[in-house]
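The values are calculated or read from the model by the stated rules, or taken from the named source; none is laboratory data. Keep in mind that what you see is a predicted model, and the values were worked out from it rather than measured. Positions of Cβ are backbone-derived with ideal geometry, glycine not excepted, and every protein chain shown enters the neighbour counts. What goes into the accessible areas is simple: the full protein's heavy atoms, side chains included, and nothing from ligands, DNA or RNA. Shrake-Rupley method; radii C 1.70, N 1.55, O 1.52, S 1.80 Å.
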Amino acid sequence: MERHIDIHDYDYPLPEERIAKFPLAERSASKLLIYDKGAISEKHFADIGDVLPEGSLLSLIHISEPTRPY
């Protein structure tokens, strides 16, 4: 069964002031969006241990990319 995905289904308005231009000085204070059983909530990345189920494995990958001009 072939499934067609239309990229336009993922287009939405995003106000300029909601786009981060620079990372926070304290990275652990970054927002963490949580989707759980249909509900969306926010925490800080420092709280990720409270969100992941016991026994979970979290892999962090560091990739260096050239800076993009805005």
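The table below lists the values:
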| read-out | value |
| --- | --- |
| Hey, residue 41 modelled with pLDDT of 90 or more, surrounded by 10 or more Cβ atoms within 10 Å (Cβ to Cβ) and touching a strand residue (DSSP E or B) at 6+ places or on another chain (Cβ under 8 Å) or not | yes |
| So residue 11, is it of a type in the set (Asp, Glu) and open to solvent by less than 100 Å² (accessible area, probe 1.4 Å) | no |
